[in-house]
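Encoded as structure tokens, the structure appears first; notes follow it.
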Amino acid sequence: MLQNDIGTGRQLPVTAVVCGACCPGLRSPPTRETFIEMASKTKIELHQNMEEELQREHLAAEQRMVHRIQRIMMECHREKVQAVEEARAQERHIAQEEIQAQRRKAMEELLKAGVTVMKDQKKSVSHLIKEKEHAMNVYYCVAQRQKQEEVQEVLQEAEKTHQATLGNVMDKLLNTQGELLSMAKQLGIMTNWKDFLEEELQETRVAFQNYINYTFPKLSPGHADFILPERKKTPSSLITQENQATLD
């Protein structure tokens, strides 16, 4: 009698599946329980792998989103500071150029006015200088106010851009949060499946142990371990990951 191998699909003899040719003196137990045990182990390993993969994707998605938000916030801050510095530097440069031009013009006018003052004695040089200084101060105040308005416009535009970028980031964050909630829901479903499979596996082992005790009542303790070996202990790494997932 042949039986399909679950892992490879090949057909193997039933006796080879259970114990091979190592114990010819024992009767071969039925293969249904053996296959149930193998199927249960395969299901458990599959769900454990899926659970680990979901946890890795969950952590990777959170890290990518945090890095993306930090990078966008830093870029917005850097652009805002750069815009302010450029506007202030341009304002100082234009003001200095205008002052120098006004000084040159004032000196030229003073030279021309000096000839006139010397001719008609109608205006004093000091009065003319005060008038020119007043005109220069007025012009400088007007120019400074205009540049301040321009800087304010640049800052407002940078703030609008920053708010728009932040809004996009928040939208992406909400979408990612929804995806994480969906993954958490799937993880909860898989955990329920794991508990169900664990209970089913335990019941199967108990039933199989009862069958061995009934079929081979004279076997000493440990002689039937090749048929129903002891369960392996859960690796410490899986226990740590499961505790971390519970805390999250």
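Residue pairs whose Cβ atoms lie under 7 Å apart, sitting 6 or more positions apart in sequence or on different chains, and linking a residue in the stretch 51-77 that is within 27 Å of residue 159 (Cβ to Cβ) to a partner that is surrounded by 14 or more Cβ atoms within 10 Å (Cβ to Cβ) and not aliphatic (A, V, I, L, M), are 65/176; 72/165; 76/162; 76/165. When the stretch 182-223 is filtered for residues that are hydroxyl-bearing (Ser, Thr, Tyr) and surrounded by 12 or more Cβ atoms within 10 Å (Cβ to Cβ), the ones remaining, listed by number, are 191, 204, 211, 215.
Bear in mind that the values in this text are calculations on the coordinates, not laboratory data. The structure presented is a predicted model; accordingly, all values stated were derived computationally and were not measured. Glycine gets a Cβ as well: all are built from the backbone with ideal geometry, and neighbour counts include every protein chain shown.
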